[in-house]
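Visitor: The following block contains the structure, expressed as structure tokens.
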Amino acid sequence: MPLAEEYTAMFDQLAEQEPTPAIWAMTTAQARATYSAMRPTIESISVGSCEDRTITGTLGDIPIRIYTPEGEGPFGLLMNFHGGGWVIGDLDTADAVCRQLTTLANVVVISVGYRKAPEAPYPAAVIDAYDATQWVSDHAQELRGNGKLGVTGESAGGNLSAVVCQKARDDNGPKIDFQCLLYPVTDCDFNRASYRENGEGYLLETKTMTWFWDHYCADHKQRQEAYACPLRAADLAHLPPALVITAEFDPLRDEGEAYAEALRAAGNAATSVCYDGLVHDFMATAAAFECSAVALMDTAGVIKQHLTQN
């Protein structure tokens, strides 16, 4: 399908403006500021309550933001790990999507401000994400949980969601009932067809992914580890049911679909949905673009089904 009309108009508008440097050509500080400007908080998307807290993890303090829907509960609990290539992004850049998921799926969303590279390279983000998930599992009653726990995240956050599920299985850790991987990074191979087709001109570029990986996990041997590239795990059996969302014009499309296929081949329940006409990071525009809003509502509906107490 062609690019969605709303994205076509957006790219046309951007083409008329003064060119700005690509993420891969920026310093980390510049890239973080640019991404923050692209994904501001939208506090007008109301939730029952929104609370910032700090919890203690293996590596030190971890900031979290807890979004609770209206009502008494109990509610399903959903971890959210923000996107941004493990280098950029934070609780604020994930805020709008977390607010929407809280309301649409009627779940408590716990957004995690994990440590970022290059200051804290792999596996620091994995450790923080897992520690936060363990904390939420341990404090489920305080959070008004109904006994169901899920994980989600965009891009690098999808990577961390998949990895947390593998680590929870490997370490006999928290019981995770559902994983919702939004255009996830599952591998470090830039040679798939979706990279060749979409590696330039659609927001996320191949050079940017190379920049992210070089900051997050410079050691190419470490990239072979399952907790860096979940698709490379030797064993993918006994993992939670999964929904893997991809976008047609996204360089990460094929590795996301490959992960869903690998999960199914290992005996897990895994559904993959590719949204035609959309680009990487499309959840960021769900508050403004109808094409993205439909995808977000679809996704929230599946999350609600899995995390609503039977």
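Since every read-out is calculated from the coordinates, none of them should be taken as a lab result. Keep in mind it's a predicted model, so treat the numbers as computed, not measured. FYI the Cβ positions are ideal-geometry reconstructions off the backbone, even for glycines, and counts take in every protein chain you see.
Visitor: Calculate the length of the line joining the C-alpha centroid of the stretch 39-116 to that of the stretch 8-37, in whole Å.
Guide: 25
Visitor: Next question. Stretch residue 61-residue 235 to full length: gain in nm at 0.36 nm per residue minus the Cα-Cα span?
Guide: 59.5 nm
Visitor: If I model a spin label at residue 220 and residue 8 as a point 7 Å from the Cα along the Cα→Cβ vector, what separation in nanometres do I get?
Guide: Computed distance between label sites residue 220 and residue 8 equals 4.1 nm.
Visitor: In square nanometres and to one decimal, what's the mean projected area of the convex hull around the Cα atoms of the stretch 95-232? Could the numbers behind the result be given before it?
Guide: Working: hull surface 36.4 nm².
That works out to 9.1 nm².
Visitor: A further question follows. So what is the orientation-averaged projected area of the chain, using the convex hull of its C-alpha atoms, in nm²?
Guide: The number I arrive at for the chain is 14.8 nm².
Visitor: Moving on. What full-extension length gain, to one decimal in nm, is calculated for residue 172 and residue 271 as 0.36 nm per residue of separation minus the Cα-Cα distance?
Guide: Gain in length upon complete extension: 33.2 nm.
Visitor: Rounded if a/c is under 1.5, else prolate if a/b is larger than b/c, else oblate: which is the stretch 166-310, with a ≥ b ≥ c the root eigenvalues of its Cα gyration tensor? Walk me through the intermediate numbers first.
Guide: Working: a/c = 1.91, a/b = 1.05, b/c = 1.82.
The shape class here is oblate.
Visitor: What's the percent breakdown of Cα-Cα distances in the stretch 1-122 across 5 Å bins, shortest bin first?
Guide: Pair shares across the bins are 2, 10, 16, 17, 17, 15, 12, 7, 3, 1.
Visitor: Now for a different question. If you add up the charges near residue 186, with Lys and Arg at +1 and Asp and Glu at -1, over every other residue whose beta carbon is less than 10 angstrom from its beta carbon, what do you get?
Guide: Numbers: positive: 232; negative: 187, 189, 254, 255, 257.
Local net charge: -4.
Visitor: What 222 nm value per residue comes from the helices of the chain, counting each DSSP H run with n ≥ 4 as -39,500 (n - 2.57) and dividing by all residues, nearest 500 deg cm²/dmol?
Guide: Values: 9 runs with 111 residues, N = 310.
Rounded to the nearest 500, it is -11000 deg cm²/dmol.
Visitor: Work out, step by step, the length gained on full extension between residue 41 and residue 196: first 0.36 nm times the residue separation, then minus their alpha carbon distance; give nm to one decimal.
Guide: Going from the current span to full extension adds 52.5 nm.
Visitor: While we're on this one: Packing-wise, with mean Cβ within 10 Å as the measure, how do 32-44, 238-250 rank, highest first?
Guide: On the way: 32-44: 14.9, 238-250: 23.0.
Top to bottom by mean Cβ count within 10 Å: 238-250, 32-44.
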